[in-house]
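Asks: Sending over a structure as structure tokens; questions will come in a sec.
The values are calculated or read from the model by the stated rules, or taken from the named source; none is laboratory data. The structure presented is a predicted model; accordingly, all values stated were derived computationally and were not measured. Every residue, glycine among them, receives a Cβ derived from its backbone with ideal geometry; neighbour counts consider all protein chains shown. Keep in mind that these areas ignore ligands, DNA and RNA; they rest on the heavy atoms of the full protein, side chains included. Shrake-Rupley method; radii C 1.70, N 1.55, O 1.52, S 1.80 Å.
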Amino acid sequence: MKDQFFRIVSFAAVVLILTNCQSSIKDSSETDSNKEKKTQPVDLVAPLVDAANSRWFFFNSATRPFGMVNLSPDMIIDGAWNSGYRYNQDTIRCFSHIHAWQLSGIPVLPTTGAFRGHLGANSYGSSYSHEDETIKAGYHQIRLKDYDINAELTATTRVGFHRYTFPESEQSHIHVDFSTFLGPNDTEKGYAKKVSDREIEGYALMAPTRRRPKSTYVFYTMQFDRPFTSFGGWQDGQLIDHADIIEGAETGAYVSFATEANEKRLMKVGISYVSAEQARLNLETELPHWDFDRAVDDARNDWNQWLGRIEIEGGSEEEQRRFYTDLWHALQGRRILSDVDGKYCDMTGSERRIGQIPLDENNKPRFNHYNSDSFWGAQWTLNTLWHLVYPKVTEEFINSMLLMYEDGGLIPRGPSGGNYTYVMTGASSTPFIVSAYMKGIRNFDIEKAYQGLKKNHSLDGIMAKAGYEHETSTGGGMKFYLERGYIPHPLDRPKKGFHEDGSGQTLENAYQDWTLAQMAKSLGKQDDYEAFMQRAGNYKNLWNPDKGWMWVRKLDGSFQEDMDILTYDNGWVEGNAAQFTWWVPQDVNGLIQLMGGRQIFTEKLNRSFELTKDYDFVAAKSHDQGETRKNRRKYINYGNQPCMQTAFLFNYSGAPWLTQYWSRQVIDKVYSGVSPEFGYSGDEDQGLMGALAVLMKMGLFSVHGGANEEPIYEIASPIFKKITIQLDPAYYSGGAFVIQAENASSKNIYVQSATLDDQPLPQAWFYHKNLVDGGKLHLQMGPEPNKEWASSEQFAPPSMTPVQPIK
């Protein structure tokens, strides 16, 4: 009787535990039924983080790392912001295959009953429930309630794979809509051709945007595992029957067939920006079979290999889930543009041109070509994470940039569909390329890269263009920058582009000039080194000693009167003077001296964090709220790039315990949790914020962006007890590097002491070369700050202005 009682109690306890662990949303948090199986990194990804605030290219489910195809449901389809998968919307309007920087395409939807595709997305969309939805890395399942269709989605790099389970119906359909606005752009026209009763092919011509100036073709090939009964389409809202080709503006196409109860239909959709034949090549190369479950497993394994490059131990399950979700986002957004054989579409000239990536000895493309938002802010995020953990990705992106330089004459700062977009400001690709070179990632034409970067830093280069300035090269203010050492605000003519904010542009240019100077020095180009180093000091021209902040200078050279340091823009690129004052990554020690010394610097920066902590260090939790004038009035904003480095500057001023404290506070308030309602303040920005979160949680950062002749990493406060970085043996010989944060917890956030490879480390930084040689960083963590460790001026990280020697 006693044994039976204990069995009952034990059973009840298990039930209670399992009940409490259940999530209302079936995502990657589901516990594997096999308790012996170790939870893998891929199983911890939570795709729904911040899904209520999605930007068009933010949400990911059925995709691969950097995949050309990013297949997922779309609830809102009109607009680049607050669109795509939106967790709190009640209607799914399509499953589209491309969610990229200024690109979209090929929206499809299965339906039953009388066909309604020609009536528009607001008519044919379907309700759904998150209770009947499963989302994992590489897989998405959701039931379309209005049609009683269970939809499952997965993908290879260039192919979307669909499995639809239909109800019994005399009229079942799958349509593709070329008459809809989709994300950032409208659809100019479409083309669909019936190839057979199992295949259609065609294209969608996606209209230009303010940022992508030319129309872009997206080609497709759709193959079905079973024959369809009929093929039709529509134009201008009118159905077209008995046609083998549908073509023109305001069109769409569909296939129809009868289905039995629980009948499964499979569809593969190959994508290309070159031609329908290339789309078919991509499909047949990457997905030659019809085994959907195998494709799902392949996607899972692919993601697991990428995510498993960083292993973590300790922390809560939620912290681990969020970490791998952050890492997952760092490998998304920036999308492959080229085909499996290396063909790609070049839109840099007056006419559309098809190019070919050089092939290797195995007749395979040497690299992929990419679509990407700006690298504005990448110096504090992707530079560090990709170069260290995914150096091959870095190498591919550099070669892709140099390919565009060959085609169009400029190294891009954010290409879209083979177009220049001139997104944001400055020459943000320079720190990315220079830091890779400094870390030994050099499988590219180094002299060509240097000459392309040098051009970008001239009147003829990309630094001379403001945001989206396609036809002119004046908004960058380079004439003033070269003549005066600063860019006035406003300029002396009407605006030609976005982000014409002279003080912010001056600070960015000065840092980017410093990074190029380091490469020039390494290559023995002494004259260039000296010239760019002189420009690197231009930040001093904005320092207003009477105000104690960086300031706006007018055309006549005077400082702007009555300037409000919390006013957004007005001379500052997506920020304000209070935020941009700290934007001197090349010379933090020089900034310290301008402010009057380490103590004044520390107190001023600490006060800025104190004044922002009640707002959780962001303008708002979602992008639309963060756009309001009131919410932008913050001293620190970790919802955007200009403030990414601020928590780590205390390492330079002799207060590393404040770096440890404030970086942990930012993690807790900005980059924690797995809720669909928040997570990246509504704009994760194609891996930038995900990468930042990963680095902060590892306790590693690089204020210089890794562009020093001898790159360094700065130490903060790891949230996990053990972090193992698996180094790529093709680039680094060390095997693995371990960060051991002994006793790390939510309370034990302060470094008490440190050793590197069993040798005492008296400073809060170390060299990249030590890391990639393998070994261990051991940090003893505790609940109170050790204000002696790494606080001496002699142990400060290097700056352009050297620390004064101790007398």
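Asks: How would you order 254-265, 714-725, 458-469 from highest to lowest mean count of nearby Cβ atoms within 10 Å?
Replies: 714-725, 458-469, 254-265
Asks: With a 1.4 Å probe and all protein chains left in place, how much of the accessible area of the chain comes from carbon and sulfur atoms, in whole percent?
Replies: Values: 13260 of 28730 Å².
C and S fraction of accessible area: 46 percent.
Asks: Within the stretch 77-93, whose backbone N sits under 16 Å from a point 7 Å along Cα→Cβ of Glu677?
Replies: 87-89
Asks: Work out from phi, with θ = phi - 60° and the Karplus expression 6.51 cos²θ - 1.76 cosθ + 1.60, the ³J(HN,Hα) of each residue of the stretch 217-225, listed in order in whole Hz, and give x for Gly and Pro.
Replies: 7, 10, 9, 8, 10, 10, 10, 10, 6
Asks: Once amide H atoms are placed 1.01 Å from N in the peptide plane, what residues at a sequence separation of 5 or more from Gln235, or on another chain, have their amide H within under 5 Å of its amide H?
Replies: Those lying under 5 Å, H to H, from Gln235 are Ile240.
Asks: Let me ask something additional. Using a/c under 1.5 as the rounded threshold, could you call the stretch 133-196 rounded, prolate or oblate? The axes a ≥ b ≥ c are square roots of the C-alpha gyration tensor eigenvalues, and prolate needs a/b larger than b/c, oblate otherwise.
Replies: Working: a/c = 1.64, a/b = 1.21, b/c = 1.35.
Here the stretch 133-196 falls in the oblate category.
Asks: Over the stretch 761-807, with the other protein chains present, what is the accessible area per residue in square angstrom, probe 1.4 angstrom?
Replies: Per residue, the stretch 761-807 has 52 Å² of solvent-accessible surface.
Asks: If you average the C-alpha positions of the stretch 105-148 and of the stretch 362-427 separately, how far apart do those two centres end up, in angstrom?
Replies: Centre-to-centre distance over Cα atoms comes out at 35 Å.
Asks: Under a plain spin-label model, where a point goes 7 Å from the Cα along Cα-to-Cβ, how far apart in nm are Gln171 and Ala730?
Replies: Here the answer is 5.3 nm between the modelled labels.
Asks: Taking a probe of 1.4 angstrom, what is the accessible area of Asp236 in Å², to the nearest 10?
Replies: Probe radius 1.4 Å; accessible area of Asp236 about 110 Å².
Asks: Next question, about the same structure. So for the stretch 615-743, what are the equivalent ellipsoid semi-axes in whole Å, largest first, each being the square root of 5 times an eigenvalue of the Cα gyration tensor?
Replies: Gyration-tensor ellipsoid for the stretch 615-743: 28, 17, 15 Å.
Asks: At 222 nm, what helix-only mean residue ellipticity would the chain give, in deg cm²/dmol to the nearest 500, using -39500 (n - 2.57) for each DSSP H run of four or more?
Replies: Values: 19 runs with 210 residues, N = 807.
My calculation for the chain gives -8000 deg cm²/dmol from helical runs alone.
Asks: Sorted by mean Cβ packing within 10 Å, highest first, what order do the peptides 203-216, 290-303, 54-67 take?
Replies: Peptide ranking by packing, descending: 54-67, 203-216, 290-303.
Asks: Separate question: How large is log10 of I(q)/I(0) for the stretch 98-233 at q = 0.21 Å⁻¹ when the intensity is taken from the Debye formula with one equal scatterer per alpha-carbon?
Replies: For the requested q values the scattering log ratios are -1.53.
Asks: Report, by chain and number, residues whose modeled amide H sits under 5 Å from the one on Gly775, excluding near sequence neighbours (fewer than 5 apart, same chain).
Replies: So Gly775 has HN proximity to Ala736, Val738.
Asks: What does the accessible area per residue of the stretch 568-667 come to in Å², with a 1.4 Å probe and no ligands, DNA or RNA counted?
Replies: 31
Asks: Here is a further query. So how tilted is helix 598-610 from the main axis of the chain? Cα-based, degrees 0 to 90, rounded to 10.
Replies: Value to nearest ten degrees: 30.
Asks: Just for the Cα atoms in the chain, what are the lengths along the principal axes, largest first, rounded to whole Å?
Replies: Dimensions of the chain along the principal axes of its Cα atoms: 89, 86, 56 Å.
Asks: Further question on the same structure: So for the stretch 46-174, considering every pair of alpha-carbon atoms, how many percent are separated by more than 21 Å?
Replies: Value for the stretch 46-174: 34 percent of Cα pairs lie more than 21 Å apart.
Asks: Going from the alpha-carbon gyration tensor of the stretch 32-122, what semi-axes, largest first and in whole Å, does one get by taking the root of 5 times each eigenvalue?
Replies: Values for the stretch 32-122, descending: 28, 17, 13 Å.
Asks: For Asp556 and Lys776 in one chain, what is 0.36 nm times their gap in residues minus the Cα-Cα distance, to one decimal in nm?
Replies: 73.7 nm
Asks: Go through the stretch 47-62 residue by residue and turn each phi into a ³J(HN,Hα) via Karplus (6.51, -1.76, 1.60, θ = phi - 60°); whole Hz please, and just put x for glycine and proline.
Replies: After applying 6.51 cos²θ - 1.76 cosθ + 1.60, I find x, 7, 4, 6, 5, 6, 10, 5, 8, 3, 9, 6, 6, 9, 8, 7 Hz.
Asks: Distance check, please: which entries in Lys613/Lys787; Lys634/Lys747; Lys455/Lys540; Lys448/Lys722; Lys136/Lys722 exceed 31 angstrom between their Cα atoms?
Replies: From the list (Lys613/Lys787; Lys634/Lys747; Lys455/Lys540; Lys448/Lys722; Lys136/Lys722), the Cα-Cα distance tops 31 Å for Lys448/Lys722.
Asks: So for the stretch 321-422, considering every pair of alpha-carbon atoms, how many percent are separated by more than 22 Å?
Replies: 32
Asks: Send over the Kirkwood Rh of the stretch 599-671, from the inverse of the averaged 1/r over different Cα pairs, rounded to one decimal Å.
Replies: Every distinct Cα pair counted, the radius reaches 12.4 Å.
Asks: Distance from the Cα centre of the stretch 513-581 to that of the stretch 178-247, in angstrom?
Replies: Rounded to whole Å, the Cα centres lie 49 Å apart.
Asks: Take the alpha carbon gyration tensor of the stretch 201-299, find the square roots of its eigenvalues, order them as a ≥ b ≥ c, and report rounded if a/c is under 1.5; if not, report prolate when a/b exceeds b/c, else oblate.
Replies: It is oblate, given that a/c is not under 1.5 and a/b is not larger than b/c.
Asks: Counting C-alpha atoms alone, how compact is the stretch 418-511: give Rg to one decimal and Dmax as a whole number, in angstrom.
Replies: 13.8, 44
Asks: If you project the alpha carbons of the stretch 669-771 onto the principal axes, what extent comes out on each, in Å, largest first?
Replies: Principal axes ranked by extent give 44, 34, 24 Å for the Cα atoms.
Asks: Related question: Under 5 Å between amide H atoms, partner at least 5 residues away or on a different chain: which partners does Asn371 have, H built in plane at 1.01 Å?
Replies: Long-range HN contacts for Asn371: Arg335, Ile336, Leu337.
Asks: Using θ = phi - 60° and the Karplus form 6.51 cos²θ - 1.76 cosθ + 1.60, what ³J(HN,Hα) does each residue of the stretch 254-271 get, whole Hz, x for Gly and Pro?
Replies: After applying 6.51 cos²θ - 1.76 cosθ + 1.60, I find 8, 10, 10, 5, 8, 10, 8, 4, 6, 6, 9, 10, 10, 9, 10, 10, x, 10 Hz.
Asks: Going down the list Lys439/Lys525; Lys496/Lys554; Lys193/Lys268; Lys479/Lys604; Lys479/Lys554; Lys465/Lys630, which pairs span over 25 Å between their C-alpha atoms? Please list the in-between numbers first.
Replies: Numbers: Lys439/Lys525 19 Å; Lys496/Lys554 18 Å; Lys193/Lys268 16 Å; Lys479/Lys604 34 Å; Lys479/Lys554 15 Å; Lys465/Lys630 29 Å.
Too far apart for the 25 Å limit: Lys479/Lys604; Lys465/Lys630.
Asks: Now a separate question. With the other protein chains left in place, how much accessible area per residue, in square angstrom, belongs to the stretch 225-372 at a 1.4 angstrom probe?
Replies: Ligands and nucleic acids excluded, the result is 42 Å² per residue.
Asks: Dividing the alpha-carbon radius of gyration of the stretch 175-254 by 2.2 N^0.38 Å (N being the number of residues), what value is obtained?
Replies: 1.13
Asks: Take every Cα-Cα distance within the stretch 506-637, group them into 10 Å bins from 0 onward, and report for each bin the whole-number percent of pairs it holds.
Replies: 12, 35, 33, 16, 4
Asks: Give me the one-decimal nm value for the distance between modelled label points at Glu311 and Gln238, 7 Å along each residue's Cα-to-Cβ direction.
Replies: 6.6
Asks: Here's something else I'd like to know. Could you give the length gained on full extension between Lys495 and Ala207, defined as 0.36 nm per residue of separation minus the Cα-Cα distance, in nm?
Replies: Length difference between fully extended and current span is 101.2 nm.
Asks: Quick one: if you stick a label point 7 Å off each Cα along the C-beta vector at Trp290 and Gln40, how many nm between them?
Replies: If labels sit at Trp290 and Gln40, their model points lie 2.7 nm apart.
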